[in-house]
1. Specify which of the listed residues (240, 229) is at pLDDT 80 or above and out of contact with any Ser or Thr (no Cβ under 8 Å at 6 or more places or on another chain).
2. State all residues of segment 91-142 that are out of contact with any Ser or Thr (no Cβ under 6 Å at 6 or more places or on another chain) and among the charged types (D, E, K, R); if no residue qualifies, say none.
3. Residues in segment 274-301 that are in contact with a Gly (Cβ under 8 Å, 6 or more places away or on another chain) and surrounded by fewer than 16 Cβ atoms within 10 Å (Cβ to Cβ): how many?
4. Taking the condition closer than 24 Å to residue 157 by Cα, at pLDDT below 85 and not hydroxyl-bearing (Ser, Thr, Tyr), does residue 39 pass?
5. Within segment 149-175, restricting attention to residues that are more than 22 Å from the chain's Cα centre (by Cα) and β-branched (Val, Ile, Thr), which residue is modelled with the highest pLDDT?
6. Is there a residue in segment 255-273 that is in contact with a Pro (Cβ under 9 Å, 6 or more places away or on another chain), of a type outside the set (S, T, N, Q) and modelled with pLDDT of 80 or more?
Amino acid sequence: MQAIKNIFALTLLLCFCAFSQGVDEVDSLAPWIPRNLPDGMQFSGAVGSRFRISALVKDAIINPGSAFDFEVDIHATGRVILPPGEFDFESIFAGNPSFKVQVFPGLTQSGAKRWRYFCMLWPLEEGKLEIPEIPFAYINPDIPWSNKQLMLDFSDSIKVEVLQRKVFAVSLRGPDVVFDVDGLRKSPWMNSVKGFGLTEFIWIFLTPPFVGIIIWSIAKYRASIQLLNARGRAFWVLENLTSLKNKTDLLKADDVFKLMQEYFHRSFGMPGVVTSVEIVNGQFDKFLNHNETKQFSEFFSDIETFKFNPALSKNECDLIDQAIAWIRILEVRR
């Protein structure tokens, strides 16, 4: 009887220890709403030992009227209990007069201990601008409650330069000689047209030159319709890329970029301007493996770089050859 009582008491003790340990664990992980969050600061929702935030841009020199990619990286250097949530770029740049933010859905990438967030920034001013530090507020459960459990980390500020628009001087002075419409109506040539009747007007349409003009116009119209139907298809793009190699223009990346956009729109039905970000986010995963997607993204990034910064790019002829090779790969697998 005493042995049964001892076993029963030991069982109660073990259950109490397990329950108290579970309560302590819940109590230590429960208060995820920080109480010392500064005014205007957003809580990221992340809970872990240590997080680092960094920000970067692809191009430091921006063409006027163009947007550029802005990326925020979050790295965890310790244990992670809760990952960070969505990054609210619109609230961060809400009071910034230098930039307008454009967020695209589905651009967030996450890994085991790394989270990447993307957006597009439109400069509202010209000259040298500075992207301020981006704050990141998280909770470190390893710090006792007697101290401040809320932790803050800031990214470095980034300086970019928006090129100024070119201004061309245009003379507003009109020509010295202006047509005198009233005098022209009184000229002998116009007076001779008064006897022109409906019969003569009909006979003009039956003359060989006018019939030839009609036939030529119809042929040009049919050719333009055929060209419009072929525009953007693979054979049309390859033909234009091949002819582009024989041109003597110094800057060809802009034409390659436009031809690739036509190909994406017509062959894949992708709306808007397609950038390297869409390639990274898996728009062509059905046709390319991981390494090929990375190479295709790097190639398209070179086109974008050379489009606005010729001094930082590779040889433009190499870009044309790469574009031809990638289109042929995509057409075989599509």
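The values are calculated or read from the model by the stated rules, or taken from the named source; none is laboratory data. Everything numeric in this text was worked out from a predicted model, so none of it was measured. Using ideal geometry, Cβ is built from the backbone for each residue, glycine included, and neighbour counts are taken over all protein chains shown.
1. Working: 229 fails: at pLDDT 80 or above.
So the residue among 240, 229 that is at pLDDT 80 or above and out of contact with any Ser or Thr (no Cβ under 8 Å at 6 or more places or on another chain) is 240.
2. 100, 113, 114, 116, 126, 128
3. As a first pass, look at segment 274-301 and keep what is in contact with a Gly (Cβ under 8 Å, 6 or more places away or on another chain): 281, 293.
Checking which are surrounded by fewer than 16 Cβ atoms within 10 Å (Cβ to Cβ) leaves us with none.
Summing the residues that are in contact with a Gly (Cβ under 8 Å, 6 or more places away or on another chain) and surrounded by fewer than 16 Cβ atoms within 10 Å (Cβ to Cβ) in segment 274-301 gives 0.
4. Values: closer than 24 Å to residue 157 by Cα: yes; at pLDDT below 85: yes; not hydroxyl-bearing (Ser, Thr, Tyr): yes.
Taking the combined requirement at face value, the residue satisfies it.
5. Only one residue fits best here, namely 167.
6. Initially, segment 255-273 is screened for residues in contact with a Pro (Cβ under 9 Å, 6 or more places away or on another chain), giving 265.
Add one more test, that the residue is of a type outside the set (S, T, N, Q), and what stays is 265.
Filter once more, keeping what is modelled with pLDDT of 80 or more: 265.
Yes: segment 255-273 contains one or more residues that are in contact with a Pro (Cβ under 9 Å, 6 or more places away or on another chain), of a type outside the set (S, T, N, Q) and modelled with pLDDT of 80 or more.
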